[in-house]
1. Name the one entry in G196, G191, G178 that is on the phi > 0 side of the Ramachandran plot, open to solvent by less than 20 Å² (accessible area, probe 1.4 Å) and not hydroxyl-bearing (S, T, Y).
2. Under 30 Å from E396 (Cβ atoms) and within 16 Å of the ligand (Cβ to nearest atom): is that true of A283 in this structure?
3. Looking for something open to solvent by less than 10 Å² (accessible area, probe 1.4 Å), in contact with an Asp or Glu (Cβ under 8 Å, 6 or more places away or on another chain) and within 16 Å of the ligand (Cβ to nearest atom) - is there at least one such residue anywhere in region 256-268?
4. Could you grab me the full set of residues in region 311-333 that are closer than 23 Å to E248 by Cβ and open to solvent by 10 Å² or more (accessible area, probe 1.4 Å)?
5. For region 27-73, what are the residues that are part of a helix (DSSP H, G or I), charged (D, E, K, R) and out of contact with any Lys or Arg (no Cβ under 9 Å at 6 or more places or on another chain)?
6. Does E88 satisfy the criteria of being surrounded by fewer than 20 Cβ atoms within 10 Å (Cβ to Cβ), touching a residue at least 12 places away in the same chain (Cβ under 8 Å), over 26 Å from the mean Cα position of the chain (by Cα) and more than 16 Å from the ligand (Cβ to nearest atom)?
7. Anything in region 208-226 that is touching a helix residue (DSSP H, G or I) at 6+ places or on another chain (Cβ under 7 Å) and either within 12 Å of M183 (Cα to Cα) or of a type in the set (V, I, T) (or both)? List them, or say none.
Amino acid sequence: MKYVGIIKTVILFLAIAVEHAYAVEPPAPVLPVPSENQLAWHEMETNAFIHFTINTFTGREWGYGDESPTLFNPSALNVDQWISTLKETGFKGVILTCKHHDGFCLWPSKYTEHSIKNSPYKNGKGDIVKEVSDACRKYNLKFGVYLSPWDRNHKDYGKPAYITYYRNQLKELFTDYGPVFEMWFDGANGGDGYYGGARETRKIDSKTYYDWPTTLNLIRSIQPQVLFFSDSGPDIRWVGNEKGYAGETNWNTLTPDTLYPGKPGIGNLLNTGSIDGTKWIPAEVDVSIRPGWFYHSEEDAWVKTPEQLFDIYLTSVGRGAVLLLNVPPDRRGLIHENDVKSLQGFKQLLDSVFANNLAKGASVKASGYRGKSKKYAPKNLTDVNKETYWATDDKEHTGWFEIDFGKRQTVSYVLLQEYIKLGQRVKSFSIEAWKDNKWQQISKGTTIGYKRILKVDPVTTQKIRVNILDSKACPVLSNVAVY
Ligand code: FUL
């Protein structure tokens, strides 16, 4: 009997030796690739923006900067209601307007009187940045900061002294409120404002005035993990519109050398990124659940419906971007009932549409796979493990795979994911369904990236096929799901 044991051990050793001898190298990355923090950010998929300040009480979108802090007076503020609602409806992170263009601060900054400390809220003892960051920790959402560079209240805006003020405020926000996952730099600058009573127009050179490199280094020295959003990055880029869509072609890559926040005319470039970009700077789709960014009661009937939010999900997350959906609290300091209802409906839609992945565990075959090694076999596409992938040999920049459901199923959505740790590759693909004894095209697209969701006219079929028609290098896909 003991020989059986010995033979088994020898076979095992042989198998390991053979596997080793024929180990097929993974594909080399196509540069640039995302950082660890950017990867974690991609996986968040949906975050919430919270616009709340004096504007909520004046009915404006852009406060002039001369509003009295006493106007900030929510009657029933409940941050727990905001964050628990966002948690229940699927959001992973929250970015709060700590200070919007009007300069009013939601925390008691040491450096200005234009803040919550001179408002009736909690008799001037309130700190909404603290309330939100604490609630995010409680509900396990990540916390992010918006601090408008443009400040229509501050007397020194436009002069070097203001940059010191702005940096001091950043130091407060990055020191006193725990980890910040994303810092949102707004490129908007309308020029005119109160400016400590001057009431004039101040133009700055958005290319040089803020000296961003110094500011970013300062923040990184306090919290190195933070990701910076601005029109042009460096870590996350604006998508070029506020309507809720990324480009159908959406490269995570961009060459930022000649770009800067607020540079006019770069919307189209930001919407699609560039195929040959030198840096990984993925797009974030910021859009409001209401027509405005701030709450206005006259817009209560214009809250986006669950169906509209779902369409936005498809044109943002479904095009490889992250969605940043603005949900502005009302004058009570609550997320309005209509918004809560829409968010809940949106969550139900997502849960029902993406409830049953027909590809999970289905049989898959492909035109080929890398070195015929199990490690890169097509079944990795349907194992629901984001760390395994299908890849072809280096010389193959095209290829296909087929999913067989084993019986006829009705298909309405196809979801594809590239293994972006090795870079974004696919330039063109098509999807076919087996119908009337032949392959018939049901969809096509250009880029895939972190995630691509294709909505197709519902088709009843036993098999679908994805053809990679062009790619920067051998295609590397980690996931296909079918609904
Ligand atoms: C814009 C701002 O001017 C809007 O008020 C809003 O904050 C939006 C997210 O960014 O540039």
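The values are calculated or read from the model by the stated rules, or taken from the named source; none is laboratory data. Quick caveat: nothing in here was measured; it's all calculated off a predicted structure. For neighbour counting, all protein chains shown are included, and Cβ atoms are generated from backbone atoms with ideal geometry for every residue, glycine included. These accessible areas exclude ligands, DNA and RNA; they are computed on the full protein's heavy atoms, side chains included. Shrake-Rupley method; radii C 1.70, N 1.55, O 1.52, S 1.80 Å.
1. Sole residue among the options that is on the phi > 0 side of the Ramachandran plot, open to solvent by less than 20 Å² (accessible area, probe 1.4 Å) and not hydroxyl-bearing (S, T, Y): G191.
2. In short, yes.
3. no
4. Answer for region 311-333, where residues must be closer than 23 Å to E248 by Cβ and open to solvent by 10 Å² or more (accessible area, probe 1.4 Å): D311, I312, Y313, L314, T315, R319.
5. Listed by number, the list holds a single entry, E36.
6. So E88 fails the test.
7. So the first thing to find is which residues in region 208-226 are touching a helix residue (DSSP H, G or I) at 6+ places or on another chain (Cβ under 7 Å), and the list is 210-211, 215, 218-219, 222-223, 225-226.
Those that are touching a helix residue (DSSP H, G or I) at 6+ places or on another chain (Cβ under 7 Å) and either within 12 Å of M183 (Cα to Cα) or of a type in the set (V, I, T) (or both): T215, I219, I222, Q223, Q225, V226.
Residue by residue, here is whether (1) modelled with pLDDT of 95 or more; (2) within 16 Å of the ligand (Cβ to nearest atom); (3) in contact with a Gly (Cβ under 6 Å, 6 or more places away or on another chain) holds:
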site: I163; (1), (2), (3): yes, no, no
site: Y194; (1), (2), (3): yes, no, yes
site: Y210; (1), (2), (3): yes, yes, no
site: S221; (1), (2), (3): yes, no, no
site: R237; (1), (2), (3): yes, yes, no
site: N250; (1), (2), (3): yes, no, yes
